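Below is one structure, written out as structure tokens, with a few remarks after it.
Since every read-out is calculated from the coordinates, none of them should be taken as a lab result. Note that the structure is a prediction, hence the values are computed from the model and not measured. Note that we place each Cβ from the backbone using ideal geometry, even for glycine, and neighbour counts take in every protein chain shown.
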Amino acid sequence: MGAVRIEPGLRKISKFHSLINPHRPISPAAFAVNGITVDMLEGQPVIEDILPSFMKFIGKSVLVAYNAGFDLGFLECALGSNKDALKGYYVIDALRLARLLFPGLRSYSLGSVAQVLEIRSEGEHRAMADAVTTQKLFLKELELLAMRGVEDVEDITYGRSKKTRIVAKAEDYKVGLIEQAIRQEKKLNIVYRSTWGGKVTARTITPKHIHKGYDRMYVVAHCHLKDAERNFRLDCIMDAKPYD
């Protein structure tokens with residue numbers, strides 16, 4: 001887990017970083033990307049022990065992430081019953097800003113955009129390295145926004161289409177995207193954590209409506225993976241983005 005905090009004006013930078021023991025095996029695919037081994041995680045804290053320090057670190061900041069829905073999904077999942085702690089935070093998606101400010105790129109992966117902008121990525125492909133790369137990219141985005149007269153976080157809210165939300169409140173992020181897909185009868189790609197054993201799968205859904213159960217919010221959708229209608233717990237949707 002990694003984050004960079006920038007103080008307005010002074011651009012003073014502070015960092016938060018910790019390895020976290022997931023108490024589960026590290027898959028070969030994950031190891032191939034980040035080089036983290038089971039031995040490296042021995043004795044490291046679990047996510048529940050780290051979250052209080054992380055929430056204190058972010059304070060009342062505006063949160064910025066590259067493909068923000070993905071990070072918010074994991075953070076919301078980790079907070080569990082305390083996920084209301086995210087309410088009120090503004091979240092800026094630096095990926096959607098990149099699509100707006102740097103149109104026509106062949107790829108909008110963080111590494112590809114950083115390479116085009118000549119941003120050097122330091123260290124392994126891990127949370128801290130990605131956070132620093134996102135920070136450098138976002139500062140370039142801010143420079144371009146300032147040239148367009150953008151002076152406040154609320155000014156960024158929508159891109160040129162007036163439909164793609166770039167800034168949202170944390171608690172509204174997924175809901176807004178899902179409601180838009182329902183109105184437009186569009187598909188979504190989601191990453192879903194099953195309540196049965198915690199298995200994480202990527203799937204495509206066509207959401208139909210959102211309803212409130214006894215104590216949870218659910219998305220009723222056609223699941224194209226199962227080719228059937230399913231109820232998806234909103235808090236278990238770890239990432240959601242438009243279907244390409």
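Would you check if residue 113 is farther than 18 Å from residue 6 by Cα and in a helix (DSSP H, G or I)?
Yes: the conditions hold for residue 113.
Restricting to segment 226-235, and then to whatever is in a strand (DSSP E or B) and touching a Phe, Trp or Tyr at 6+ places or on another chain (Cβ under 7 Å), can you tell me which residue is surrounded by the most Cβ atoms within 10 Å (Cβ to Cβ)? If you could, list the steps in order and put the result at the bottom.
Residues of segment 226-235 that are in a strand (DSSP E or B), as a first pass: 228-233.
Going one step further and asking which of them are touching a Phe, Trp or Tyr at 6+ places or on another chain (Cβ under 7 Å), we end up with 231-233.
Numbers: 231: 12, 232: 23, 233: 15.
Residue satisfying both the conditions and the ranking: 232.
Just the residues that are under 19 Å from residue 240 (Cβ atoms) and in contact with a Ser or Thr (Cβ under 7 Å, 6 or more places away or on another chain), please, taken from segment 70-113.
94, 96, 110, listed by residue number.
Return yes or no: is residue 114 under 21 Å from residue 236 (Cα atoms), crowded, with 17+ Cβ neighbours inside 10 Å and among the small types (Gly, Ala, Ser)?
The answer is no for residue 114.
Looking at (1) within 30 Å of residue 155 (Cβ to Cβ); (2) over 16 Å from the mean Cα position of the chain (by Cα); (3) without any contact (Cβ under 8 Å) to a residue 40 or more places away in the chain, which is the only condition residue 75 fails?
Residue 75 satisfies every listed condition except (2).
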